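Here is the structure we will look at.
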Amino acid sequence: YLAKRDRTGVEVYEASRDGNTPDRLALLGDLRRALEAGEVELHYQPKVRFDGAVAGLEALVRWHHPERGRVAPDEFIAIAEASGLMPRLTEYVLETALGQVGRWRRAGLTVPVAVNVSPRDVLSPGFAGAVAARLARHRVPPDALQLEITEHVMLEDPRHASDTLAALTGHGVRMSLDDFGTGYSSLVHLRRLPVSELKIDRSFVGRLVADAEDAEIVRCTIDLAHSLDLLVVAEGVEDDETWERLRDLGCDAVQGWLVSAAMPAAETTAWLRARESRSPETAEPLPR
Ligand code: C2E
Ligand code: MG
Ligand code: MG
Ligand code: MG
């Protein structure tokens, strides 16, 4: 399904749009091997409440290609998704993340971890049961895992997706709706998806201070989420002014470079320890 593409001229451009260039094929092969060799890494980005408490960590995949250097997740995730490699990648991410959550728990750090899953994963047969089995194997309680989905999950087979998500929440796994406000946002999805958290896409958050309309969208999204009993996380918070505005709007938590970029596991451990030992009286100004 990926081969048989013209390698010359304009066709290559066309092909690159749906991800089937020889270059992308090579990258796909490299990714498959990297997963087998354990060369794909997870970094962790904190979600932090306005009182400074750590609400959780989001696992973000990192791939350092031996020749190309760092390949952006958006690029190889799209390739994995288009090629059928996605379930294998997600298996790897879940396995790595749950192993790490288990180690943190045994070290006295009980922070929940969020894993991004794609529509492909949710629609793959037996996904909910496989997640539950993996949690049990790692002796990690289900509420220590959160799955970040997007509304795309409802496009192809909403019935099957709903059943799987219901099964996952039935097991006690919490769901978060990522990138809210982009693409296929619909209030129908918001009502039907069994999520407990909504993440406002960073495209809105980034313009919150500068653009009155984006500020209004963020305000309405927070109110809407709260009226549905959802927690709201703003992604991509890069400066103090945005942080303050979000706090004043009643947002529940933030994620972004202002607090921390995604860090390797060891660095995350140190970051969590430093937070933990920070007594309220001697605390430096939040969120940093
Ligand atoms: P996402 O889940 O919405 O993750 C947030 C992205 O925003 C991450 O990019 C993160 O590094 C970036 N980010 C965080 N704080 C800031 C900030 O303050 N400013 C800016 N400009 N960016 C910030 P990243 O790691 O490149 O990941 C991109 C996307 O790739 C993710 O978007 C997610 O959709 C996908 N992805 C990453 N890891 C995985 C994975 O393990 N599985 C799946 N299925 N998708 C993944
Ligand atoms: Mg995410
Ligand atoms: Mg997002
Ligand atoms: Mg995103």
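The values are calculated or read from the model by the stated rules, or taken from the named source; none is laboratory data. Bear in mind the structure is a predicted one, so any value in this text is a computation, not a measurement. Cβ sites come from the backbone with ideal geometry, for glycine too, and all protein chains shown count toward neighbours. When the accessible area is computed, the model is the full protein with side chains, heavy atoms only, and any ligands, DNA or RNA have been set aside. Shrake-Rupley method; radii C 1.70, N 1.55, O 1.52, S 1.80 Å.
Things to note:
- Surface analysis of region 29-168 yields an accessible area of 43 Å² per residue, using protein heavy atoms and a 1.4 Å probe.
- Computed log₁₀ I(q)/I(0) - Debye formula, equal Cα scatterers, no solvent, region 134-288, q 0.12 Å⁻¹: -0.62
- Taking a quarter of the surface of the Cα convex hull of the chain gives a mean projected area of 16.7 nm².
- Karplus-derived 3J(HN,Hα), 6.51/-1.76/1.60, for each residue of region 30-37, Hz, glycine and proline x: 5, 5, 4, 5, 4, 5, 5, 7
- Max mean-square fluctuation residue, GNM over the chain, Cα-Cα springs under 10 Å, options ALA78, ALA225, ALA59: ALA78
- Rounded if a/c under 1.5, otherwise prolate or oblate - region 49-97, Cα gyration tensor axes: prolate
- Tensor-based shape of region 99-221 (alpha-carbon gyration tensor, a/c under 1.5 rounded, otherwise prolate or oblate): oblate
- Across the chain, Cα pairs under 8 Å and at least six residues apart give a relative contact order of 17 percent.
- In order along region 260-267, the Karplus-derived 3J(HN,Hα) couplings, from 6.51 cos²θ - 1.76 cosθ + 1.60 at θ = phi - 60°, round to 5, 6, 5, 10, x, 4, 5, 5 Hz, and Gly and Pro are given as x.
- With an a/c value of 1.5 or above and a/b not larger than b/c for the gyration tensor axes a ≥ b ≥ c computed over the alpha-carbon atoms, region 52-165 is described as oblate.
- Loop chymotrypsin sites (Phe, Trp or Tyr not before Pro), region 243-276, which have at most 13 other Cβ atoms in a 10 Å radius of their Cβ (DSSP): TRP257
- C-alpha center-to-center spacing [region 67-85, region 204-219] in angstrom: 31
- A DSSP coil position with no more than 10 other Cβ atoms inside 10 Å describes the following GluC sites (Glu not before Pro) in region 64-159: GLU67.
- Per-residue [θ]222 nm for the chain (sum of -39500 (n - 2.57) over DSSP H runs n ≥ 4, rounded to 500): -14000 deg cm²/dmol
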